[in-house]
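Colleague: This is the structure I want to talk about, given as structure tokens.
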Amino acid sequence: MGIAPAFSYDYYESGKIYFEKGSYYKAYRCFKYVLEKDPQNINYRYYYAQSLLKRSAFEDAQSEFEKIIEIAPYSDEALLSSQAISDIQTFLSQKKAYRNKNLEEFKQSSSYLGFSSNNYIDNALNQAGKIVRWNTGSMPLKLYFYPPSGASGYRESYKSQFLAALDDWSSVLKGDVSYNIVNSAKEADISVIFTPQIADFSSNGGKTGFIAGLATPFIEKNLLKGAQIKLSTMKPNNTSFSDNEMYNVAIHELGHCLGIWGHSSETEDVMSSVSHSHHDMQKQSLTERDKNTIKILYKLTPDISNTTIVEDGNFDNSKILGSSQDRMNRKLNEAKDYVKKVPYSYLSWKQLGDAYFNLKNYNEAITNYKKAVELDETQLDSRAALGIAYIQSENYVNAISEFKYLAEKVPSNIAYSYNLALLYHRKNQNYMAEVTLKKLIKNNPDAGSNDKVQNLLKNL
Ligand SMILES: [Zn+2]
């Protein structure tokens, strides 16, 4: 009970503000917090239940509403709660009916079992064989465009090409995925950056490492915190992309961003692994295989999503995707295939390294991460992955040298310096660990309040 009422009250007020703004996860956290401090408060509990409802946690919400009726049966909140319970039940029964109908239609229209040739759901998973997609209960997705200032070659029409591509994907999902455009990167689920050049394609003799688009998910503790799409405005020959070309790149990167993290092996599909390099003038369109794949994806239960409370998909994941070991082995084969098709991109080798890493084959992971680093020194992700693979194979000397390089390159990055300090600590070089962390805090004051950093400092 070590908390002043005013303090709880602030959380309660903040929760209500978040709730009104539609930031239901933040609202949920606030209400959960104040409710823990004061479980008898029916206002707290009512808002908590509402925030669960907004996050599609229908059963949890219902049980909170039931508790309100139990605690204060004659209150207005109890009356509202009983109405809410009956709404939930009506909604759930309608939903169930809709799903069953949907599933039947789907079974008839597509032979989704047995990996027939009309989808590539197998390849859609991320490198670890996981389903990473947005929760349909948390729509609309918030989309943010960084101002394209300084992006030479940028055309005003690129934005509408991008949105046309997104509309094409979302129309396939019939309302399961929707979006709106927001004004800050902070509140965005997906942020879009137009940039003259994503990777340094001059570094390999000019003909090699060109990347037209790049989609990156941000995953923290099994939560999909957001995603970023980078789109090149200039081609290696220094001309800008045509509208059709921009559409083609955007629809491919959006496919990744919506959860198709791998590639199709059929060249006509927009998610084909070679579409990175072939951007002809002709506008591409979603094939039946692309459409089937995304439809199946949004019917499988995600392993990682943007909320912890996720609606169950109505397809049986293991029946469609096989065991997790099977999935990882298939991802390895896909990555090997991709390296053959796109050998000049560091991303191919990084991906192959990741596939080996996930299978705990650290020696092969190291070999491939090294190739990625060689191809493009500016991509620090590959080097960080290499450092982690060295740690896994207990090669601490090499791990230290990688993280030393990274910490020097980006002195404000918490993960780089923290890993370096941890490695020093493991080698009983506590003095070096301390120096590393202090330098980090000097360069990035936020690091001082990081739990991991604080803990390590205490133990030195
Ligand atoms: Zn791709």
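Colleague: Check Ser272: other-chain or 5+ apart residues with amide H under 5 Å from its amide H, H built from backbone geometry?
Modeller: Amide H neighbours of Ser272: Ser264.
Colleague: Let me ask something additional. Using alpha-carbon pairs under 8 Å, 6+ residues apart, how would you state the relative contact order of the stretch 331-458 in percent?
Modeller: Relative contact order, the stretch 331-458: 14 percent.
Colleague: Take every Cα pair under 8 Å in the chain that's 6+ residues apart, average their separations, divide by the length, and report that relative contact order as a whole percent.
Modeller: RCO, the chain: 12 percent.
Colleague: Provide Glu377, Glu13 in ascending order of the number of other Cβ atoms located within 10 Å of each residue's Cβ, fewest first.
Modeller: So the ranking, lowest neighbour count to highest, is Glu13, Glu377.
Colleague: Go through 51-58, 175-182, 254-261 and give me the packing order, highest mean Cβ count within 10 Å leading.
Modeller: 254-261, 51-58, 175-182
Colleague: Per 0.36 nm of contour for each residue apart, how much would the distance between Glu434 and Asn459 grow if the chain were fully extended, relative to their Cα-Cα spacing?
Modeller: My answer for the length gained is 8.0 nm.
Colleague: Shifting gears a bit: Tell me the mean residue ellipticity at 222 nm calculated for the chain from its helices only (DSSP H runs of n ≥ 4, each -39500 (n - 2.57), averaged over every residue, nearest 500).
Modeller: The helix-only estimate for the chain comes to -17500 deg cm²/dmol at 222 nm.
Colleague: Follow-up. Give me the number: length gained by fully extending Met281 to Asn237, i.e. 0.36 nm times residue separation minus the C-alpha to C-alpha distance, one decimal in nm.
Modeller: Length difference between fully extended and current span is 14.3 nm.
Colleague: Something else now. So how do Leu214, Leu386 line up by other beta-carbon neighbours within 10 Å, fewest first?
Modeller: Arranged by neighbour count, lowest to highest, Leu214, Leu386 become Leu214, Leu386.
Colleague: Take the Cβ-Cβ distance between Glu394 and Thr308 as r, set R0 to 35 Å, and report the resulting FRET efficiency rounded to the nearest 0.05.
Modeller: Once the sixth-power term is evaluated, E becomes 0.55.
Colleague: Quick one: order Phe403, Phe357, Phe218 by neighbouring beta-carbon count within 10 Å, fewest to most.
Modeller: Phe218, Phe357, Phe403
Colleague: Cross-link partners among lysines for Lys235, C-alpha distance below 25 Å, same-chain residues fewer than 8 apart left out?
Modeller: Straight-distance partners of Lys235: Lys159, Lys207, Lys283, Lys340, Lys341, Lys350, Lys371.
Colleague: Turning to a different aspect of this structure: Could you pull out every one of the lysines with an alpha carbon less than 27 Å from that of Lys439, ignoring same-chain neighbours closer than 8 positions?
Modeller: The reachable lysines, counting only those whose Cα sits under 27 Å from Lys439, are Lys221, Lys404, Lys409, Lys427, Lys452, Lys458.
Colleague: Could you tell me which trypsin sites (Lys or Arg not before Pro) in the stretch 359-403 are loop residues by DSSP with no more than 11 other beta carbons within 10 angstrom of their beta carbon?
Modeller: Sites meeting the loop and neighbour criteria: Lys360.
Colleague: Also, quick follow-up: Using 0.36 nm times the number of residues separating Glu59 and Asp446, minus their current alpha carbon distance, what extension gain do you get?
Modeller: Contour length minus Cα-Cα distance gives 135.5 nm.
Taken together, the values in this text are just the output of simple stated rules run on the coordinates, not laboratory data. Bear in mind that the values here come from a model prediction, so they are computed numbers and not experimental data. Backbone-built Cβ (ideal geometry, glycine too); neighbour counts: all protein chains shown.
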